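The values are calculated or read from the model by the stated rules, or taken from the named source; none is laboratory data. From a predicted model like this one, the values you see are computed outputs, not experimental measurements. All Cβ positions, glycine included, derive from the backbone under ideal geometry; neighbour counts span all protein chains shown. Note: accessible area is taken over every heavy atom of the protein model, side chains too, but ligands, DNA and RNA are not part of it. Shrake-Rupley method; radii C 1.70, N 1.55, O 1.52, S 1.80 Å.
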Protein chains: 2
Amino acid sequence: MSMTNGVRALVRRTHEERVLSALRAHGALSRGELAAKVGLSRTTLSEITASLLQRGAIVVADTDAAVREGSGRPAERLALDPGAGQVIGVDFGHRRVHIAVADASHNVIASGLEEYANGTPWDERLAIAFKLVERLSQETGVHYGALQAVGIGVPGPYTGTSSVSPAVSWKNQLMPHGVDAAFEERFDAPVFVDNNTRLAALAEASNRPDVVDNLVYLRLSDGVGGGLVVSGRLVTGTKGFAGELGHIMVDPNGSMCRCGKRGCLETVASAPAILAACRDRGVSVETIADLGLEVAKSNPAVDVVLRDVGTAIGRVLGAAAMTLNPREIVLGGEIVRIAPVLVEQAASTIRYELYPIPTDEPLVVRAAQLDDSDGALGAIAAIFHQSPLLAGYPEPSASGDHDQPQRSAQ
Amino acid sequence: MSMTNGVRALVRRTHEERVLSALRAHGALSRGELAAKVGLSRTTLSEITASLLQRGAIVVADTDAAVREGSGRPAERLALDPGAGQVIGVDFGHRRVHIAVADASHNVIASGLEEYANGTPWDERLAIAFKLVERLSQETGVHYGALQAVGIGVPGPYTGTSSVSPAVSWKNQLMPHGVDAAFEERFDAPVFVDNNTRLAALAEASNRPDVVDNLVYLRLSDGVGGGLVVSGRLVTGTKGFAGELGHIMVDPNGSMCRCGKRGCLETVASAPAILAACRDRGVSVETIADLGLEVAKSNPAVDVVLRDVGTAIGRVLGAAAMTLNPREIVLGGEIVRIAPVLVEQAASTIRYELYPIPTDEPLVVRAAQLDDSDGALGAIAAIFHQSPLLAGYPEPSASGDHDQPQRSAQ
């Protein structure tokens, strides 16, 4: 049967992925062993390994002379190049950039961060990021010759459709423009850009032995943002605004929000709002660290504030849970780490809302497990998710036949 | 390059789909014309057309004797079989079953419904549905020899993962069990089952020249249910409960709901709840038709009730819109058709909630366009969406090369 170019490319990627998987699973293998393990002809396998060697994704590790039985020339054994960066994840925050580099095994082989002042222009942030990428290479020996893609997290909404479509923005808020093009030019690799809170959601969903297919993530920080993973995919929404849980109204008579509405979740659940509410009750707290001390002392005024906030969060997340039926709801941000009562109170509010749903496998409500590098890790996870072989398509298998429409719901 | 069975099946389906598309676009074609149009060798094309002919998906329409230039035996011209049902969509409601049959052009070529009493056991509903399928064949000449799949809508949550996993259910509510297995056995075709309100959402998303990728659907009926389309896919949720917008709390002091909570949207926005609220204001209405008469008379008490309901709906849908950033929000159900003010009031409430989002392409809030057959049409749409070639994977093209990870966000 003849093949079109598109199908041919798919077949090649399938084979490459299978070769890399075999090397991940078994360590160094000769071409003969590889061919047997992945079920390919020697000729096809040679084409595949030549391309992978040329791009630096794999290396010749040694020969099988030591273990070889019988006569003949020893065969080279191939292995993953431990220094080959396959994917770079970048997270531009308001005050720092985080970068992580992953190898073909999806392991992070280098990471670091660089701080800058709030309001630093984007061209300077880019220069800082590029310098950090170089520094990581010098410090760890990682190289970028086999780079498949770069994933980038940015603050604020982002549709990330392509470098030609401008980034969308909140009203009156400056957005990074051309960040993707700059990285594409610098690394000659495809670039994926998305909101960094959303990427953190994907990182939390991917950070366990069992990947969580359906997850709602809420981050309490200077603002309140969210991210959704639905059926294993990040949800962007029509204009890049999906997951804006911080601007759902929780109190029609509440305070004015920076978004222009009144009584958004952010007006009660952002870190500054929580600190202000504590001060209103006579508790002298200026920073999250101060708040941590009061929590440690079991200050009852602080407990009331945190439980009220937890209830407000729980209302919003409860509605989101009835809408999306996720497996996990995750609360992130520094203030969650010092005030576990927020998670506890939100969880009981959510559980009430979920009363009608059978509880044989109850929803998990938990604090985030990753630290501030979650955006960069999520950018890497997004790239691995984006690979055509992984993006919602049944992987062709040597034995299975995908001739039938799948029976499962989406 | 060698091919695995899985890739081979994908290639064959790609080719079949391309042959069917060419016949859809151009009408009857000879094998030679087909081979040229789809870019396949004559040998490969003959394999493909032989299989399609054998399954009754296509027929020999005529020969090219009339238009042929030069000598030689006239060539057969092939065409889609206009009577070949490719997909059957079934929607079991509480009181009737709707069935629609679609051909390879995705056109509905037969449809009908059969009523039964509320509470009719599932084995009787199945027998009624099978009889209706036969009746449609006798009345319209449609045949099921080329059947690809059957899509089935049922009331209540449904994970639809496979015939071996039991249907999940609301607490204390009987769910159809074995419906999928019965259809699989009867038609020897794969079966897809999902909640019928969710399928109606997909039908509304697919019912326009431009398919709507992101849509939230709410149906006001005896109960209040919903469905979500995210990135072109139906959202099921972890346990099949996604889209349960009717059981989001809108009033902590509200009435008890049949789900066991207090103040769910359903307690104010179901058709019975709306009629009861009108009676509480002294308006004598027993049926939706009665309500329609009062709306036509611009009864001010009825207007107040409907606007209050519209506001409650708008609160829930506004939060869903901030969560999912859909392109359209659709309100369905008989009561929406007779009371457009519901949509109007919900729309302005939603618009307030969406204030922070740029309005260059504002969210559309509208009444449903399809009638009660929406569930069966949605079941058909779900099958066409489920086809491996359409399910989130870039279709291999003769010219394009999908070697690069896609740059778009999910």
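Hey, which lysines would be in cross-link range of B:K131, C-alpha to C-alpha under 21 Å, not counting anything within fewer than 8 residues on its own chain?
none
Tell me: how much accessible area in total is hidden between A and B, 1.4 Å probe, Å², nearest 100? Please list the in-between numbers first.
Values: alone 20940 and 20930 Å², together 33170 Å².
By this definition, chains A and B bury close to 8700 Å².
Return the lysines within reach of A:K239: Cα separation strictly under 23 angstrom, same-chain partners fewer than 8 residues apart disregarded; answer none if there are no such residues.
By straight Cα distance, A:K239 reaches A:K171, A:K261.
Binned at 5 Å from 0, what are the whole-percent values of the Cα-Cα distance distribution for the stretch B:262-325, short to long?
4, 18, 26, 21, 14, 9, 6, 3
Can you give the percent of C-alpha pairs in the stretch A:49-147 whose distance is more than 20 Å? Write out the running numbers ahead of the final one.
On the way: 2458 of 4851 pairs.
In whole percent, the long-distance tail amounts to 51.
Sorting A:M322, B:M249 by accessible area (1.4 Å probe), largest first, what list results?
On the way: A:M322 0, B:M249 40 Å².
Largest accessible area first, the residues go B:M249, A:M322.
What residue among B:G246, B:G314, B:G119 has the largest mean-square fluctuation in a Gaussian network model of chain B, using Cα springs under 10 Å?
Of B:G246, B:G314, B:G119, the most mobile in the Gaussian network model is B:G119.
Suppose we compare each residue of the stretch A:179-201 in its chain alone and in the full protein complex with a 1.4 Å probe; which ones drop by at least 10 Å² of accessible area?
A:E184, A:P190, A:V191, A:F192
In peptide A:221-234, what is the residue-averaged number of other protein chain Cβ atoms found within 10 Å of each Cβ?
Values: counts 0, 0, 0, 0, 0, 2, 0, 5, 1, 10, 11, 1, 6, 3.
Rounded to a whole number, the mean comes out at 3.
Taking springs between alpha-carbon atoms closer than 10 angstrom, which of B:L317, B:L331, B:L52 fluctuates most in the Gaussian network model of chain B?
B:L52
Please give the per residue volume of the convex hull enclosing the alpha carbon atoms of the stretch A:5-80, rounded to a whole number of Å³.
Roughly 91 Å³ of hull volume per residue.
Have a look at A:P252, A:P82, A:P340 and tell me which one the Gaussian network model of chain A (Cα, springs below 10 Å) gives the largest fluctuation.
Of A:P252, A:P82, A:P340, the Gaussian network model singles out A:P252 as fluctuating most.
Note the distances from A:D64 to each other copy's matching label point, with points 7 Å along the Cα-to-beta-carbon direction, in nm, sorted shortest first.
5.4
If you wrap the protein assembly as shown's Cα atoms in a convex hull and average its projection over all directions, what's the area in nm²?
Working: hull surface 168.2 nm².
Reported value for the Cα convex hull: 42.1 nm².
Can you pull the mean other chain C-beta count within 10 Å for peptide A:246-254?
Details: counts 2, 7, 8, 7, 1, 0, 2, 0, 0.
Average neighbour count from other chains, rounded to a whole number: 3.
Taking only protein heavy atoms and a 1.4 Å probe, what accessible area per residue, in Å², does the stretch B:7-80 have with all protein chains in place? Please report the intermediate quantities before stating the final value.
Working: 3640 Å² over 74 residues.
With all protein chains present, the stretch B:7-80 gives 49 Å² per residue.
Using 1/(1 + (r/R0)^6) with R0 = 25 angstrom and r between the beta carbons of B:L53 and B:V108, what's the FRET efficiency to the nearest 0.05?
Working: r = 24 Å, r/R0 = 0.95.
That pair, B:L53 with B:V108, gives E of 0.60.
Report, in degrees rounded to the nearest 10, the 0 to 90 angle that the Cα long axis of helix B:300-324 makes with the longest principal axis of chain B.
50 degrees
Mind checking the angle between helix A:196-206 and chain A's longest principal axis? C-alpha axes, 0 to 90 degrees, to the nearest 10.
It works out to around 60 degrees.
Quickly estimate the mean residue ellipticity at 222 nm for the protein assembly as shown, helices only: each DSSP H run with n ≥ 4 gives -39500 (n - 2.57), and the total goes over all residues, rounded to 500.
On the way: 26 runs with 324 residues, N = 820.
Theoretical 222 nm ellipticity from helices: -12500 deg cm²/dmol.
In whole Å, largest first, what are the principal axis extents of the Cα atoms in chain B?
85, 50, 43
Please report the antiparallel percentage of DSSP beta bridges with both residues in chain B, rounded to the nearest 5. Intermediate results must be reported in sequence, preceding the final value.
On the way: 30 of 50 bridges.
That works out to approximately 60 percent antiparallel.
Would you list, by chain and number, the aspartates and glutamates whose Cα falls below 17 Å from the Cα of A:K37, excluding same-chain residues fewer than 8 positions away?
Leaving aside aspartates and glutamates fewer than 8 places away in the same chain, those within reach of A:K37 are A:E16, A:E17, A:E47, A:D64, A:E76, A:E395.
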